[in-house]
Structure formats: C-alpha cells, structure tokens
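Worksheet for the structure shown next.
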Amino acid sequence: MNEGALKELLYKMADDLLILGHRNSEWTGMGPLLEEDIAFSSMAQDKVGQSLALYNILHALGEQAPDTVAFTRHAAQFHNCILVELPNQEYDFSLIRHFLFDTADSLRWEMLTKSTYEPLSLLAKKIKGELRYHTLHANTWMKQLGTATQESISRLQQSLQVVMPYALGIFEPSPNESILLTEGIFEGESALQAKWKTRVEEIVSGTKLHLPDWKTVTPVFGGRLGKHSEHLEPMLNEMSEVFRMDPTAEW
Amino acid sequence: MNSLDPRVSRLPEIGKPGVILPKIPLDQFASFEVFVQPREGKPFQHEGIVHAPNIDMAYIFAKENFTRRFTCTSLYVAETRNVYVSSTTDGERNAYDLVADVSTSGVNDEYEIFHLVKRGKQHIAVGTVMAGSPEEAMSTARKMFNTKLVYNIWAVKRSNIRLTTPEELDLWTTLPEKRFRDAGDYKGGDKLKDFLDKQKLTS
C-alpha cells in the first residue's frame, strides 16, 4: 500500500470536513429560522465529527494527534478545497455550497464503501445515515427555494453562478490518484465528478434553477496543494484561539 | 406609522371609504406535529412542533430538532390542522365516553390513533383504524382501543403523514455515539472540585 497517496486522500477529505464544519457552525444562533439554525448546526457538528474520525485514521498511520493536526497547522498545510473556506455570505450562498459539497461528499463516501482500505470502508458504512440526512436536507431546501418565489429563485441562481467554479475545485486532480485506483482504495476525482454532475443535474432539474454550461466554468484549483485564498488563515486563527490558550487542557 | 412596537405597527391603516378587503394572514409558517419512536418496538409518541412551509421541510427540521439527542429509531410528521382532537376530560370521565357513535361508511382510509393517558404527558400511538372520517376513526377506535381511562384522543389520516421510508431508517445509526450532545456528558462539577482542591493545596 502506498501510504503517501492514502494520506493525501485522508487529509483532503478530513480538512474539507473540518473547515466546512467550522464555517457552517458560524451560523449557529444566526440561522434564518430557529428550526433551521438547529438543523444546520447539528450537521456542522457531524462534519467536524467525521473529520475527527479521519484524523484518527491518520493518527493510526503515524500522523500527529487530531487536535494537533486540526489546531496547529498553518493555512499552507491544509489540503481542503477553496470552496469550503470561503466566508459565509447570505444564507443562499451557504445553502448552495452545502448542496454542491454534500452531494459530492456523499457520493465520495458511497464509492469508499467499496474501498480495499478497511478503515475507510468501515467508516463510510458507519456514517451513511448522517450523509443521507445532509443530502436530504440540502435537496429539500433546493426544491423549496428553487421553486418558491422570484426572489428566492434569483438569489439561489446568483449563488450557483458564484459558487460553481469553486465547487469544481473539489475535484482537483492529483498524480497519486492512479495509485489509489490501482490499489482499489478510491476510484478517483474524475469518476466522482462524473457521478456528481449527474446527481446535481437531477436535483436542479426539479427546480427553476439553471446550471451553467459545464464547458464555460473554469475550476478554481490550488486548495489541495495548500494554495488557499486569503480567507483561510484568519478562520484558522479564530478556530484555534481557545486551543492555543491552553493546549494541554482537557475538555 | 414607522414603529418597531407591534402594538403600533400592526394597527390597521386608515382606509378609503367603501373598500372591503380580506384579512391579511400573518407572515408565518404552518405548524407540524412531530412524532418520534424512541426505541425499536416502542410506539410513536408526540414530541412537539416545528414550523415549516410544507411537510417535507417540516420533516427535515423535525429530524434535528427532536431527534438529535438520546436514541431514536423512526420519526414522522403531520400538519397540525390534520390532527383531529377529541374532547378533553378532567380525568373523572373517559374521553371515549364523549366520542359519538358514527355508523360505518365503508370507506377504508387508514387513521393513526393516539391516546393521552396522563395529563401533562405526550400523546402515544395505539394503533391504526380504517374509517372514512376522523369522527368515524374515533368511533371505531373506541371499539378497538378503549381499555383504560384516557384524557384525550387524536386521529390522523395516514396519507397526511410524512413517514420515514425503510431506506431512511439509517438516519439515526450514529446517534447513540453523540453523547457530547447531552449535558450529562460534561462532568463540570468534578472539574470544579478538582480545581478547588488544587487551589487549596497551593494556598
């Protein structure tokens, strides 16, 4: 087994979930409805929990402890896609990001249920229900706001245009993917992207939204290589603020 | 009148003479009743209410608002106006004694029946009856489920319920591990005691 290639996959998945989990948790107490505030916060907590499970797998492979990895790295050492680090804007932005990311995430985990790397396939099976809820939540909101009023439709449409180039950045290719494919660990980003496009098209076709012509969208890459937007470092500083006060504290 | 005080901002405007308009509904969502099955084999019980624009949205809200802690095996929701409520008794009489006899209509719609067996507790599902109306459902339920004193009875037509589908039953598989959502998982008292003990030693 090629450990480098495997670790790269684990890190990018874990970092995506930790960063998006933190971003989504920023809505806690400020959600558009009390019920949604609680639902979105719960899912943010799920994401951080899933990232912890992945950091634990990495720890078993010789990487540092989850807290150290989560709270002491600099932005350039993170491998999340840029999509997840973008600051929250209006709620339509967060919903579109949630929909596009979670669709990809649930398909990725679905593929990983067949992974030859057992810790990943077991985790994929374990969190299937959490992912089912996350996509049900996203799809229900898309259907609701994507068919409701002129304002809701145009707001979602606007966010869809803005977010799409970053969403394609989820699938930033890596030379290590062929190794993972050969070893049966993961089928690769382009296989995932193809499934994702089909699913996104299917959900959007049930709304009054329009997808851009895929050929006209230029993906925003760089995140997987540690080249991030200016938004990640301030977010990490805030996220690790309490940890840095007393790194030995037990909670 | 620009005021944030609802007593002022909700005052009707001075209209033109002769104009009659329908009352404007409040800008609020409908409410939906949430029923939870806490464990395998246990009946569904009423847990509370969510507000939502429709039943599908109500379901996704109910899932995290009422089943994010403890254990849960299934969930369903119904719009409040589709929940039919019998007369409530003072506990001296059985609520079924106040249910009128309704002759059989021959219509076989499924209705879920719920009992309130203790005042201040939740309504608990007792079973399904076939009927053509909520009144008939309660009348039929009296023949089937009238075994002990109940304060109140609810009847909900099954086609008005958003059920959890068989493939959705895995929504709660990781829930028992989320102990961190329970206050009991934080031993604040123990930590405070340790801290105070340490303070005593150093002083």
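The values are calculated or read from the model by the stated rules, or taken from the named source; none is laboratory data. Just so we're clear, the structure is a prediction, and the values are computed from it rather than from any experiment. Because the Cβ atoms are built from the backbone with ideal geometry, glycine has one as well, and the counts that use them run over all protein chains shown.
For A:Ile203, the criteria (1) more than 14 Å from chain B (Cβ to nearest Cβ); (2) part of a helix (DSSP H, G or I) hold in every case but one, which is (1).
Can you report the number of residues in the stretch A:87-97 which are crowded, with 22+ Cβ neighbours inside 10 Å and not hydroxyl-bearing (Ser, Thr, Tyr)? Write out each step before concluding.
Applying the first criterion (crowded, with 22+ Cβ neighbours inside 10 Å) to the stretch A:87-97 yields A:92, A:94-97.
Cutting the leftovers down to not hydroxyl-bearing (Ser, Thr, Tyr) gives us A:92, A:95-97.
The total comes to 4.
Please verify whether B:Leu21 is free of Cβ contacts under 8 Å to residues at least 12 places away in the same chain and either surrounded by 12 or more Cβ atoms within 10 Å (Cβ to Cβ) or in a loop (DSSP other than H, G, I, E, B) (or both), treating the condition exactly as stated. Talk me through it step by step, then tell me what you get.
Values: free of Cβ contacts under 8 Å to residues at least 12 places away in the same chain: yes; either surrounded by 12 or more Cβ atoms within 10 Å (Cβ to Cβ) or in a loop (DSSP other than H, G, I, E, B) (or both): yes.
So B:Leu21 fits the description; yes.
Regarding B:Val129, is this residue at pLDDT below 95, crowded, with 17+ Cβ neighbours inside 10 Å and farther than 14 Å from B:Phe44 by Cβ? It would help to see each step written out before you state the result.
On the way: at pLDDT below 95: no; crowded, with 17+ Cβ neighbours inside 10 Å: yes; farther than 14 Å from B:Phe44 by Cβ: yes.
No; evaluated as a whole, the condition is false for this residue.
Scoring B:Phe180 on the criteria (1) assigned to a helix (DSSP H, G or I); (2) farther than 18 Å from B:Glu64 by Cα leaves a single failure, condition (2).
Select, from B:Gly189, B:Gly184, the only residue that is more than 14 Å from every other protein chain (Cβ to nearest Cβ), among the small types (Gly, Ala, Ser) and farther than 26 Å from B:Gly120 by Cα. I'd like the intermediate steps shown before the answer.
On the way: B:Gly184 fails: farther than 26 Å from B:Gly120 by Cα.
From the options B:Gly189, B:Gly184, the qualifying one is B:Gly189.
Residues in the stretch B:73-111 that are among the charged types (D, E, K, R), outside any loop (DSSP other than H, G, I, E, B) and touching a residue at least 12 places away in the same chain (Cβ under 8 Å) were compared, and the one that is farthest from B:Ala137 (Cα to Cα) is B:Glu79. Contact map, the stretch A:26-38: residues that are without any contact (Cβ under 8 Å) to a residue 24 or more places away in the chain and more than 7 Å from chain B (Cβ to nearest Cβ) paired with residues that are part of a loop (DSSP other than H, G, I, E, B) and surrounded by 15 or more Cβ atoms within 10 Å (Cβ to Cβ), Cβ distance under 6 Å, separation 6+ or inter-chain. Pairs shown: A:Asp37/A:Gly31. A count restricted to the stretch B:24-52 and to residues that are aromatic (Phe, Trp, Tyr) and either surrounded by fewer than 16 Cβ atoms within 10 Å (Cβ to Cβ) or within 14 Å of chain A (Cβ to nearest Cβ) (or both) stands at 2. The single condition among (1) over 24 Å from B:Ile124 (Cβ atoms); (2) facing chain A (nearest Cβ under 8 Å) that B:Ile20 does not satisfy is (2).
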